[in-house]
1. Would you please name the residue that is least open to solvent (accessible area, probe 1.4 Å), looking only at residues in the stretch 136-162 that are farther than 8 Å from A120 by Cβ and charged (D, E, K, R)?
2. In the stretch 225-270, what count of residues is obtained for those that are charged (D, E, K, R) and away from the ligand (no atom under 13 Å from the Cβ)?
3. When the residues of the stretch 293-316 are narrowed to those that are over 19 Å from V241 (Cα atoms) and not in a loop (DSSP other than H, G, I, E, B), which ends up nearest to the ligand (Cβ to nearest atom)?
4. Here is a list of conditions, (1) open to solvent by less than 10 Å² (accessible area, probe 1.4 Å); (2) under 27 Å from P202 (Cβ atoms); (3) part of a loop (DSSP other than H, G, I, E, B), and L238 meets all of them except one; can you say which number that is?
5. Taking the stretch 29-87 on its own, how many of its residues are among the acidic types (D, E) and at positive phi?
6. Collect the residues in the stretch 69-92 that are within 21 Å of E132 (Cβ to Cβ), in contact (Cβ under 8 Å) with a residue 40 or more places away in the chain and open to solvent by less than 60 Å² (accessible area, probe 1.4 Å), keeping them in residue-number order.
7. Starting from the stretch 133-144, keep only residues that are farther than 21 Å from A90 by Cβ, then list their pairs with residues that are open to solvent by less than 10 Å² (accessible area, probe 1.4 Å) and modelled with pLDDT of 95 or more whose Cβ atoms are within a distance under 7 Å, requiring at least 6 positions of separation or different chains.
8. Can you pull out every residue in the stretch 11-41 that is touching a residue at least 60 places away in the same chain (Cβ under 8 Å), within 17 Å of the chain's Cα centre (by Cα) and farther than 21 Å from H171 by Cα?
Amino acid sequence: PELDLVAGARPNFMKIAPIIRALERRASGLGWRLIHTGQHYDREMSGVFFEELGIPAPDLALDVGSGSHAEQTAKVMVAFERACLERRPAAVVVVGDVNSTLAAALVAKKLGIPVAHVEAGLRSRDWSMPEEVNRVATDAIADHLFVTERSGVDNLRAEGKPPGSIHFVGHVMIDNLFFQLGQLERADRTGWVSTHFKREYPRYGVATLHRPANVDDPATLSRLLGALGEIAKDLPLLFPVHPRTRRNLEALGIALHPAIQLAPPLAYMDFLNLWKDAALVLTDSGGLQEETTALGVPCLTLRDNTERPITLTQGTNVLVGTDHAAIMREARRALAGGTRPGACPELWDGRAAERIVDILAERLS
Ligand code: UD1
């Protein structure tokens with residue numbers, strides 16, 4: 001049996017990589033084909049990840065690019081349907097919660113091809129997030145649901161998914177994190193982060209922002225940048241800027257505090273090398289909440305909710321929202337050493353992809 005593995009946007013690439021490694025390593029009898037939808041296409045949002053994560057060039061590039069939600073989703077659907085009709089896979093594996101995830105799942109399901117969703121069951125219960133719509137809709141039609149934390153199992157059961165379709169396997173993104181940490185220890189770091197930034201600033205923080213709710217609304221974006229500026233007075237901040245955020249910063253002409261250093265989006269290893277030694281991470285990313293928890297790095301999440309509650313109950317993550325005073329209070333607390341030490345969540349052990357491959361091999365044979 002042959003799997004179609006679908007990846008489209010930056011946070012997908014680090015989840016697909018360990019699945020490919022596990023498929024190569026295990027004698028599962030499963031073949032595979034890699035499909036890149038092209039949702040992200042800039043070199044720094046896509047190409048550089050393929051090189052660094054050891055993902056082979058895609059067997060098929062759908063090149064859909066940017067657009068409105070409907071356009072982007074529709075373009076993936078049209079192109080991926082053609083691909084499935086030309087060469088019908090035994091199952092389609094989708095990861096995460098981006099538009100490409102839902103689009104590919106819908107196409108497969110309507111062609112009667114089983115859908116496996118990796119990172120299923122997470123729920124923010126915030127319908128204003130496009131990712132929440134993608135998560136709920138993808139899980140509603142997926143046949144094999146691979147879950148990263150126990151809250152996901154509870155959510156899927158409550159939604160009536162058959163128990164036999166729900167598999168708590170751990171987290172492929174954390175598989176990849178541990179793999180890349182090993183690579184980082186062996187590598188000579190010649191990137192700017194190691195050779196310049198970390199040498200100049202032994203103690204620093206890292207900020208990332210890209211969620212539409214935070215960066216598309218000028219008032220919210222200004223408020224968040226104001227808080228980051230105040231933190232930067234005591235703690236130099238490096239802020240790698242997502243293309244969506246860059247566009248909005250340019251359009252609004254917002255002046256940043258000079259102690260906030262802007263950078264283009266970083267490659268995976270450079271970014272890992274940066275945040276793993278940070279005194280504090282401030283972010284609205286989903287994945288970074290989990291990665292900081294896995295390595296015990298203090299993290300403040302600039303959102304009102306999270307679909308990843310294990311990072312709050314066991315990890316180092318604190319939900320601070322977008323209120324200036326709340327951000328400053330929690331930042332001070334974290335920098336004074338007030339972050340709970342945290343524990344690496346259950347099954348975040350580097351072997352999730354192997355479990356997924358074993359289950360798929362058994363179910364599809
Ligand atoms: C998408 C995901 C989000 C994920 C994020 C990570 C959805 C609904 N959202 O959001 O969950 O956390 O990726 O990055 O799928 N752009 C470029 N170059 C690129 C890609 C995008 O310049 O390579 C710009 C374009 O102006 C585009 C905008 O960024 O319109 C937004 O890209 P899009 O893929 O629509 O969503 P993201 O905000 O990246």
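The values are calculated or read from the model by the stated rules, or taken from the named source; none is laboratory data. What you see is a predicted model, and the numbers here were worked out from it, not measured in a lab. Ideal geometry is used to build each Cβ from the backbone, glycine not excepted, and the neighbour counts take in all protein chains shown. Heavy atoms of the whole protein, side chains included, go into the accessibility calculation; ligands, DNA and RNA do not. Shrake-Rupley method; radii C 1.70, N 1.55, O 1.52, S 1.80 Å.
1. Among them, the one singled out is E149.
2. Final tally of qualifying residues: 4.
3. T311
4. Every listed condition holds for L238 apart from (3).
5. Residues flagged as among the acidic types (D, E) and at positive phi within the stretch 29-87 amount to 1.
6. Correct list: V76 only.
7. Filtered contacts from the stretch 133-144: N134/T101; R135/L122.
8. T37, Q39 - these are the residues of the stretch 11-41 that are touching a residue at least 60 places away in the same chain (Cβ under 8 Å), within 17 Å of the chain's Cα centre (by Cα) and farther than 21 Å from H171 by Cα.
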